[in-house]
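Beneath this line is the structure, given in structure tokens, with notes to follow.
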Amino acid sequence: MTLLFACRDGDGADWAAALHADMPELDVRVWPETGDPDDISYALVWGELAAELPRFANLEIIFSLGAGVEHLLERDDLPAGVPVVRLVDPALCAGKVEFALMRLLQYHRRMPDYAAQQRARQWRELAQTLPDERRIGIMGLGELGGAVAGALAGLGFDVAGWTRSRRTMAGVTCYAGPDDLDRFLNRTEILLCLLPLTPDTADILNADLFAALPHGAAVINLARGGHVVDDDLIAALDSGHLSGAALDVFRTEPLPPDHPFWTHERIAVTPHIAVWSRPRTAAGMVCDNIRRHRAGEPLRHAVDRARGY
Ligand SMILES: NC(=O)c1ccc[n+]([C@@H]2O[C@H](COP(=O)([O-])OP(=O)(O)OC[C@H]3O[C@@H](n4cnc5c(N)ncnc54)[C@H](OP(=O)(O)O)[C@@H]3O)[C@@H](O)[C@H]2O)c1
């Protein structure tokens with residue numbers, strides 16, 4: 001029973017230790033020390049090393065080393081018929097909630113406006129909005145978006161979510177599908193994107209979507225850079241229609257030094273640091289799924305390849 005850990009920048013030794021602690025009988029190999037490719041039954045993989053997967057003829061599960069799976073599903077050579085499982089890590093979820101709340105509260109409490117006033121040495125009190133008067137919209141109410149929505153509802157915000165299938169969630173106004181999108185956007189003052197990147201959601205943060213938001217809305221993208229049409233975002237900010245954008249993910253990472261996002265006074269850039277997976281908290285989910293697989297039980301967090309997430 002052999003698992004290959006394949007991530008160029010990942011800490012393979014820490015992952016191997018955490019996996020062993022949970023499942024001592026698991027033989028963990030760290031790329032590029034794959035040994036005999038026919039031994040590999042499980043792969044925990046990220047990024048371009050997914051190109052290695054077709055070498056392993058006896059693969060039984062492909063685990064994504066992150067919550068997103070587009071790096072796997074976009075490949076034509078992904079081994080057919082092998083289940084793909086994404087990483088769902090309670091610490092990753094908690095970290096995402098923390099980072100999302102930090103950004104949302106900055107816009108709610110007008111911190112970018114106060115930063116501009118500080119640069120101009122202006123002492124001016126700006127109007128304050130109560131949480132139940134602040135309309136926040138979350139695109140995606142999955143593991144991450146759902147947790148952020150729940151936290152915001154607990155703080156008393158007026159929260160709405162937009163999903164593919166219709167959902168209900170306590171304290172959250174739910175919208176679903178393309179037909180509801182404009183109604184969801186029209187009422188959203190701070191928009192948070194936590195969608196997976198799929199053919200349906202690529203480029204979704206575009207000029208039409210920004211135009212459907214109220215004047216002065218702010219946009220936060222903590223999902224994938226491929227959701228944003230960069231030029232449309234800059235145009236919506238420059239026209240004054242959007243008041244600000246906080247971006248943690250980009251089409252090209254690292255963000256190229258000459259990219260206009262770096263210097264735009266209404267854009268906050270962070271280098272894809274909202275949260276990352278940690279072996280100590282995430283390895284258990286991998287081992288749990290291996291046990292389930294061996295017992296013939298359904299896998300948890302398996303991806304629907306046709307749906308794209
Ligand atoms: N940048 C980072 O550091 C980072 C870290 C972790 C994750 N992420 C990104 O965050 C994404 C979301 O993670 P998650 O764990 O919350 O995913 P998830 O549990 O699979 O939830 C995805 C949500 O998006 C909705 N959705 C999918 N396609 C849609 C569409 N076409 N229209 C409307 N809604 C749609 C789903 O709707 P239904 O409820 O109807 O299925 C669901 O609510 C990941 O795919 C990943 O790309 C980024």
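The values are calculated or read from the model by the stated rules, or taken from the named source; none is laboratory data. This structure is a prediction, so every number in the text was calculated from the model and none was measured. Note: ideal-geometry Cβ built from the backbone for every residue, glycine included; neighbour counts use all protein chains shown. Heavy atoms of the whole protein, side chains included, go into the accessibility calculation; ligands, DNA and RNA do not. Shrake-Rupley method; radii C 1.70, N 1.55, O 1.52, S 1.80 Å.
Things to note:
- Condition check for F5: under 22 Å from the mean Cα position of the chain (by Cα), surrounded by 21 or more Cβ atoms within 10 Å (Cβ to Cβ) and closer than 30 Å to A202 by Cβ: yes
- Flag if A202 is crowded, with 22+ Cβ neighbours inside 10 Å and within 13 Å of the ligand (Cβ to nearest atom): no
- Residues within the range 79-89 that are open to solvent by 20 Å² or more (accessible area, probe 1.4 Å) and touching a helix residue (DSSP H, G or I) at 6+ places or on another chain (Cβ under 6 Å), tallied: 2
- Test: residue in the range 107-117 that is closer than 25 Å to L181 by Cβ and within 11 Å of the ligand (Cβ to nearest atom): no
- On the stretch given as the range 1-25, residues that are part of a loop (DSSP other than H, G, I, E, B), closer than 26 Å to E70 by Cα and out of contact with any strand residue (DSSP E or B) (no Cβ under 8 Å at 6 or more places or on another chain) total 4.
- For A160, the conditions (1) assigned to a strand (DSSP E or B); (2) aliphatic (A, V, I, L, M); (3) loosely packed, with under 14 Cβ neighbours inside 10 Å are fulfilled apart from (3).
- Within the range 141-181, considering residues that are farther than 22 Å from H241 by Cα and of a type in the set (D, E), the one farthest from the ligand (Cβ to nearest atom): D179
- Pick from the range 33-54, criterion surrounded by 13 or more Cβ atoms within 10 Å (Cβ to Cβ) and acidic (D, E), ranking: farthest from L3 (Cα to Cα): E52
- Residue match in the range 134-152 (condition: exposed (fewer than 14 other Cβ atoms within 10 Å of the Cβ) and either among the β-branched types (V, I, T) or modelled with pLDDT of 95 or more (or both)): no
- Across the range 235-288, the qualifying residues are those that are under 14 Å from the mean Cα position of the chain (by Cα) and at pLDDT below 95, and the one among them that is farthest from the ligand (Cβ to nearest atom) is S277.
- Note on the range 125-140: among residues that are in contact (Cβ under 8 Å) with a residue 40 or more places away in the chain and in a loop (DSSP other than H, G, I, E, B), the one that is farthest from the ligand (Cβ to nearest atom) is R134.
- Restricting attention to the range 76-106, the residues that are under 30 Å from A57 (Cβ atoms) and either more than 16 Å from the ligand (Cβ to nearest atom) or among the β-branched types (V, I, T) (or both) total 10.
- The residues of the range 55-71 that are within 12 Å of the ligand (Cβ to nearest atom), in contact (Cβ under 8 Å) with a residue 40 or more places away in the chain and surrounded by fewer than 22 Cβ atoms within 10 Å (Cβ to Cβ), listed by number, are G66, G68, E70.
- Selection status of F184, in contact (Cβ under 8 Å) with a residue 40 or more places away in the chain and more than 9 Å from the ligand (Cβ to nearest atom): yes
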